[in-house]
Amino acid sequence: MSLEVKKMAIIYIDHKAYEVTPGKNVLETCLTLGFNLPYFCWHPAMGSVGACRQCAIKLFKDEDDTRGRLVMSCMEMVKDNMYLSIDDPTAKAFRAQVIEWLMTNHPHDCAVCDEGGACHLQDMTVMTGHTYRRFNYPKRSYKNQYLGPFINHEMNRCIQCYRCVRFYKDYAGGKDLDVFAAHNHVYFGRAEDGILENEFSGNLAEICPTGVFTDRTLKAHYTRKWDMTTAPSICQHCSLGCNIIAGERYGELRQITSRFNGEVNGYFLCDRGRFGYEFVNSTNRVQQPLIRSKSSDATDKQSLYHYLKNILATDKIIGIASPRASLEANFALRKLVGKENFYQGIPEMEALLMRCILYILNTGHVHSSSLKEMESADVVLILGEDPTNAAPLMALAIRQAVRREPIQKGEMYIAHPTQTKLDELASNAAHLSPDEIARLGYAIANALNKNAPLPENLNANTLKLAKRIARILKKATKPLIISGTSLGSESIIKAAANVAFALSTDDKKASLSFIVPECNSMGLAMMKAPSLMHAKETIENGKANTIIVLENDLYRRSAKKEIDTLFNLCKEVIVLDHLHNETTGKASVLIPVATFAEAEGTMVNNEGRAQRFFQVFSPKNENFRESWRWLDEFRQFKDGINPEELKVPDDLMTEMVASMPQFKGAEAVTPDADFRMFGQKIPREPHRYSGRTAMLANINVSEPKPHEDSISALSFTMEGYKGMPPAPLIPFFWAPGWNSVQSINKYQEEVGGSLRGGDPGKRLFPKMPVLEKIFMNHIPPVFSPLPGEWQILSLPQIFGTEELSIYTPGVAERAPKPYIAINKKDAKSLNIIENESLQVQIQDQNYTLPVRIKKELPDGLAGIPYNIPGMCGIGWPAKGTLKKGKT
Amino acid sequence: MLSKEEIRSIDHEIALVPVRRAACIEALKIVQHHRGWISDESLHAIAAHMEMSAEELDSVATFYNLIFRKPVGRNIILLCDSISCYVMGYEKIYEHLQTLLHIKFGETTPDYRFTLLPNPCLGSCDHAPTLMINQDTYRDLTNEKLDDILKEYK
Amino acid sequence: MERPLTQHINFNRTSLNLKDYVSVGGYQAVHKALKSMAPQDVTKMVQEADLKGRGGAGFNTGMKWSFVPMNEVGQIKYLIANADEMEPGTFKDRMLLEGNPHQLIEGMIVSAFAIQANISYVFLRWAYKKAAWLIEHAIAEAYAAGYLGKNILGSRFNLEMHLHTGIGRYMCGEETALLNALEGKRATPRAKPPFPQVSGLFGKPTIVNNVETLSNIPHIINNGPDWFKALSLTSDAGTKLYGISGKVNKPGLWELPMGTTIRELIEEHAGGMKKGFKFRGALPGGASTDFLVEEHLDVKMDYKSVSAAGSRLGTGTMIILDDHTCPVGFVHNLEHFFAQESCGWCTPCREGLPWTERILLSIENGEGRMEDLDLLEMHTHHLGPGNTFCALAPGAMEPLQSGLKYFREDFEKHINEKKCPWR
Ligand SMILES: Cc1cc2nc3c(=O)[nH]c(=O)nc-3n(C[C@H](O)[C@H](O)[C@H](O)COP(=O)(O)O)c2cc1C
Ligand code: SF4
Ligand code: FES
């Protein structure tokens, strides 16, 4: 390990010397040192603008200067030998005055404000000591706007810190929120009522230091922050594994907020992740075990076990795993059915792509980039992905790398068949067919390293572009290549690998990041099991007659006919899932399971980072048990043991790592279940939690015993260790005087940096080269459309594609209706115009779809929104025929 | 929809600046010159031409006080209400205007003949009080002069 | 007595066109500078002449230019004439713009040459319609005569010049806000550093100078620093455009040696106070300067002396408060202006100014309380320089703090009598 000597600076704050990092701003430094210095407009991710004037302190010329001058600490850089004062009476008076000004027109409506008690403005007001109001004139007031299903607007509360527009416009690239008018009439909102379009709008609720922008979904079942039981969790809605805090009260999941992880999502979440939680509360939940052959619908645990006993003992069973189930659940299934009978519940194509990705990342020649690292890339190359839709927060990270304002940062090149939102920041966005994208990638790799194969018959434009991109990449110090599974192309993935390999040298690894389909796709792939296709073969060949499907709607994976055949061949179809779907409809035995909010488990994100999520609450419905718990009991049953409830999932993980060493490290991502802080557990409820003794009084006047958590170091109550828990176990952010989410500052080693003790999660891919670096060669021929046949592309949608988030009404509202996109020329050849219907045949499914013209689409390609309701179950990659529909 | 002439003028301004949207204030001015004010419809049309969102353009438009986002009269009276005119009695002129036109600051006569607006210092302090109607500045105002001046504007 | 800036301006006739201007020696400085001087020498000469910015802050112009990076060939740079003149009580640039636009253009050409800027703008306020027309015309003439455009006078120096008219807002006069306005953005000020000299318009090095400042440049080039310094009666060089408005016999504008006393300005040039009106005080250099009162009548109107007396020379255009005008109303009018013109970016200005305005209104209406005076004092302390993002609010506090100091009994009278004694 090289010893990096960082030169430190000495600064003096109120006559005391501190050794601090030079170059940081003084506000950050003071906060890092633990001072309670108020601020509004500064935000660690967005920097300083000096607008609110709340962070004023005194700066002295030297030791002897007694007068000093007022400066904004967020606008000053740490320099050696700086003399500062926070306690200076003028500075203090000024800070109190700033609050008094801000509050002159504030409505003082804390009692009815969603932010109340978790409000940065409240905290700062108390912190500065402003208590007495001297402004006795009428307050101004504003009209609020309707901003869509996610965000509520209450403009009167605004303190004009400009954070919202700086986040929404500058940071997230939104166009439809801005500041209007001038002087003390400035207004923050849209030009007119309407849905906020940006994918990251939900962050406004956390960015706004008061209650102007709040979570509208929370409003529908409002609970104060301190009245929620919360747990550290992981977002289930794409492959990035953003860290979240999930909050519950009265058995209902009520809110998702960002759980800071310096390496993953930082301060932010996308709207799919933040608002997609309502499936947990859905009336469509599977409530009870069910045996279809039995007349009575409801089945208790005993009769279920009784029924299963025979099946488990005698039938030849195969298990179908799931990319949206935890490692624990998948492993418990694998243990139950045996390694040979364990199948990934994904199509062969997807399994192939995942194998390919795993191989590349396991060579150790490339670095699978974290989101944090992406922010500092200086050249970004995207091959065949639309991050904004497929892995939204990645798009937010990339934006930071290539932002134009205030100064031009890195450069970006994109190759994707359709326009993506990131195109606006790209130096070049080429709209090519998947095959051409791959060929471009191969050509870039070849331009970087002659050992990489060069495609034949490259057209001059592609070659020129490839050379240009190669030239820029070569100069980059932190190049980043992004690709993934969305277009279902093995060639693209391999081409991306070639580019990264070509850029990697002995002492430098290029960053390569793959977007994969689901939250645990990576973890499942690492279990190295055959695909759904092989499972079907096994059943068809009569080698098995019963199937256990774990948290997986197979009708989303493959054509309906295929799955129907599969199920029809089975004697028993045992399905474990939390929501009814087409697959549960086919179950002969249906077992309700816990969602992520009611379960503990581990997942591996696209970066190879194993992360643990914890149970938020123990559900009222005792049937909502973790899949791994059910499955482990089945196994004991099968083994003839009288089932004993599994004590901790930790044991499963230990066993898994022993049998699959590729998961080494995943067992240690969080402290064990028996971990204690000074002998105490970590409470999920803040110590301000109210009404615990009374909240169930309408049911039973005597207070029920609180649920005990035997599987983790967290407790379901407010009792326990009050201090700062280890980073992976933080259920909520709170610090004395800091009731809002801004208390995160107190949890970080350095403000804006990683959490104390290191950011949670463990990366599982090798850090050193372990395999030989061999360039791949899977170059497709030149793409030329066949007459009458279209290559169909799947276009992921932030709202709509993902199976669970669509249960949130707002998400469903924003999901696109089915359509088919073609270019103008193809539309003309079909004699059709925008919005007219096309008869589309894909495999043997027929669809009638309205046409959407995307003029950038290459000839012969048609795009349909991926896996949105009504369009699921297409086997990818797909070809299809298009005919003008009869009206 | 922008007229051909508007587009021509706007494109001329765009050609003069390194980034397209830097000409957006000029674009607002041009359209206001032709139409008197910037309606929502005009705003959207200009924004589309400038490759900006309506929000981005309106944020700029509403910042400046001489871009009118509400309909105005055929003639715009800008009465200086700043310090020298205050000392020299602009308030008397204002009162007189109110009795003549029956409108206050910020209002338009029902026949759309006049809109009356206060305006900061018009730079004619040595000839206060002063006001502007459309392009013309009037100095050393008295109520009598005002009667005659208004007659010029139909 | 020399009046280099205004000697050829005749108010009753039309402004000087190119022919007139050349016939009285115009464009000599362009010939001299572009043909026989190195850019750095021009800067040095201006620095030596000790020309201080006439836009209000009084910073040495040559020094400001010297911060512009000069080593990068082909670097885009900008020169901007600040003709936004919106400070209440100020009407001096208007005279230069309407009377002799070519003088400004010549000054801009030489200044642009000094910093090697190839693009220049005149940022003119909207209300100056006549000036707009004249400048547009003069720029066209200058292009036609080869003073603007490519390869000016064979010197291989190129300069474009454009007229940009604003659409309101006092903030546009603040130089960084002006840059935002030119970029088609909201005119909120920018943080400094980076200073415009290094990163200004569209991120390129930019100099913003006041119209009067720039109009002085040709004369300095033609006659040299010593001549320029000798014009003045005091240590601040040059002449100054002084103006007076209010209840005097002859309100107006005069170019006089720097350091002319207030008394001389009022009594000799403005013809004294109007009959029946007594002098109570004056803002010496526009709305954002501190009151001076009778005891200051012999103060010399230069940067140093006015500062020593507790105010600022500012724009040098004086507004007089007489004994028939309510000082509370007077200050209320000013604060109303400043509150309206705050851009809304920083808290103290956005929220503090309207509060002072509101208090002043209630005092003026006889609804004030004694505590209100403390609140006003509080604002004058907390809205000082450095506490706000730009100089607008500190400027706004100058007349208020000195008003409270010199006219306190008038404030108290309003409160005690619950009415305005002047109504
Ligand atoms: C609120 C505000 C308004 C200003 N308005 C003007 C103005 O209208 N004209 C002007 O020349 N300078 C104005 N200034 C000063 C400019 O910021 C800048 O200092 C000046 O243009 C520099 O030119 P100079 O060095 O030649 O004086 C203003 C400053 C502030 C803070
Ligand atoms: S709405 Fe919130 S974030 Fe935006 S300026 Fe107001 S207080 Fe700040
Ligand atoms: S946090 Fe420093 S000025 Fe707002």
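Rounded, prolate or oblate: pick one for the stretch A:9-100, where a ≥ b ≥ c are the square roots of the eigenvalues of its C-alpha gyration tensor, a/c under 1.5 means rounded, and failing that, prolate if a/b is larger than b/c, else oblate.
oblate
Per-residue Cβ counts within 10 Å, from other chains only, averaged over A:804-811: what number is that?
Counting other chains' Cβ atoms within 10 Å and averaging over A:804-811 gives 0.
7 Å from Cα along Cα→Cβ at both residue A:786 and residue C:71: what's the point-to-point distance in nm?
It is 6.5 nm.
Antiparallel versus total DSSP beta bridges in the protein assembly as shown: what percent is that, nearest 5?
Bridges in the protein assembly as shown that DSSP calls antiparallel: roughly 55 percent.
With runs of 4+ DSSP H residues as the only contributors, calculate the mean residue ellipticity of chain B at 222 nm using -39,500 (n - 2.57) per run, divided by the residue total and rounded to the nearest 500.
-13000 deg cm²/dmol
Name the residue from A:120, A:41, A:317 whose Cα lies farthest towards the positive end of the charge dipole of chain A, charges +1 on Cβ of Lys and Arg and -1 on Cβ of Asp and Glu.
It is A:41.
Just want the ordering: A:322, B:39, A:85, from fewest to most Cβ atoms lying within 10 Å of their own Cβ.
By the 10 Å Cβ count, ascending, the order reads B:39, A:85, A:322.
Averaged across C:335-346, how many Cβ atoms of other chains sit within 10 Å of each residue's Cβ atom?
That average works out to 6.
Compute the signed sum of charges (Lys and Arg +1, Asp and Glu -1) over the other residues within less than 14 Å, Cβ to Cβ, of residue A:735.
+4
Do you know the relative contact order of chain C, to the nearest whole percent, from alpha carbon pairs under 8 angstrom that are 6+ apart?
After rounding, I find 15 percent.
Considering only DSSP states other than H, G, I, E and B, which chymotrypsin sites (Phe, Trp or Tyr not before Pro) in the stretch A:622-730 qualify as loop sites with at most 10 other Cβ atoms within 10 Å?
Sparse-neighbourhood loop chymotrypsin sites (Phe, Trp or Tyr not before Pro): A:678.
Quick one: which of A:464/A:883; A:58/C:204; A:560/A:620; A:219/A:762; B:145/C:130; A:571/A:879 span more than 31 angstrom between C-alpha atoms?
Checking Cα-Cα distances, A:464/A:883; A:58/C:204; A:560/A:620; A:219/A:762; A:571/A:879 exceed 31 Å.
Could you work out the relative contact order of the stretch B:64-130? I mean the mean sequence separation of Cα pairs under 8 Å and 6+ apart, divided by the number of residues, in percent.
46
If packing is taken as the average count of other Cβ atoms within 10 Å, what order do A:796-809, A:869-882 fall into, highest mean first?
Descending mean neighbour count gives A:796-809, A:869-882.
Which listed residue (A:741, A:752, A:774) has the Cα farthest towards the positive end of the charge dipole for the stretch A:733-849, taking +1 on Lys and Arg C-beta and -1 on Asp and Glu C-beta about the Cα centre?
A:752
Remind me, relative contact order of chain A in percent, using alpha carbon pairs under 8 angstrom and six or more residues apart?
Here the relative contact order equals 14 percent.
Going by average Cβ neighbours within 10 Å, how do the peptides A:39-46, A:732-739 rank, with the highest at the top?
Sorting A:39-46, A:732-739 by mean packing, highest first, produces A:39-46, A:732-739.
Between their Cα atoms, which of A:175/A:475; A:335/A:681; B:154/C:247; B:104/C:275; A:143/C:185; C:32/C:240 are more than 27 Å away from each other?
Beyond 27 Å between Cα atoms: A:175/A:475; A:335/A:681; B:154/C:247; B:104/C:275.
Taking K and R as +1 and D and E as -1, what net charge do the other residues with C-beta under 14 Å from the C-beta of residue C:197 add up to?
+3
For residue A:855, list the aspartates and glutamates whose Cα falls under 12 Å from its own Cα; do not include residues on the same chain fewer than 8 positions away.
Once the sequence-local aspartates and glutamates are set aside, what remains near residue A:855 is A:826, A:834.
Express as a percent, rounded to the nearest 5, the fraction of DSSP beta bridges in chain C (both residues included) that run antiparallel.
Antiparallel bridges make up about 45 percent of those DSSP assigns within chain C.
Report, in order of residue number, the helices in chain A meeting two criteria: a C-alpha extent of 18 Å or more along the helix axis, and a mean Kyte-Doolittle hydropathy of at least -0.5; treat each whole DSSP H run as one helix.
Span-like helices, by this rule, are A:89-104, A:301-314, A:348-362, A:434-448, A:460-475, A:490-503.
Just checking the output field for C:186-192: average partner chain Cβ neighbours within 10 Å of each residue's Cβ?
Across the residues of C:186-192, the mean count of other-chain Cβ atoms within 10 Å is 5.
If you count, for each residue, the other Cβ atoms within 10 Å and average over each peptide, how do A:51-64, C:141-154 line up from highest to lowest?
Highest to lowest by the protection proxy: A:51-64, C:141-154.
Given axes a ≥ b ≥ c from the Cα gyration tensor, I'd like to know whether the stretch B:75-151 is rounded (a/c under 1.5), prolate (a/b larger than b/c) or oblate.
prolate
State the antiparallel share, in %, of DSSP beta bridges confined to the stretch B:75-151, rounding to the nearest 5.
Rounded to the nearest five, the antiparallel share is 55 percent.
Once you order the gyration tensor axes a ≥ b ≥ c over the Cα atoms, which shape class does the stretch B:4-63 get: rounded for a/c under 1.5, otherwise prolate or oblate by comparing a/b with b/c?
It is oblate, given that a/c is not under 1.5 and a/b is not larger than b/c.
Report, in deg cm²/dmol and to the nearest 500, the calculated mean residue ellipticity at 222 nm for chain A, where each DSSP H run with n ≥ 4 adds -39500 (n - 2.57) and the sum is divided by the residue count.
The helix-only estimate for chain A comes to -7000 deg cm²/dmol at 222 nm.
Could you state the number of Å between the C-alpha centres of the stretch A:470-548 and the stretch A:808-876?
Spelled out, the Cα-based centre of one part sits 26 Å from the other.
So how strong a dipole does the stretch A:646-727 carry about its Cα centre when Lys and Arg Cβ are +1 and Asp and Glu Cβ are -1, to the nearest 20 debye?
That gives the stretch A:646-727 a dipole magnitude of about 360 debye.
Rule-based calculations on the coordinates, nothing more; no lab input. Keep in mind it's a predicted model, so treat the numbers as computed, not measured. Neighbour counts run over all protein chains shown; Cβ positions are idealised from the backbone, glycine included.
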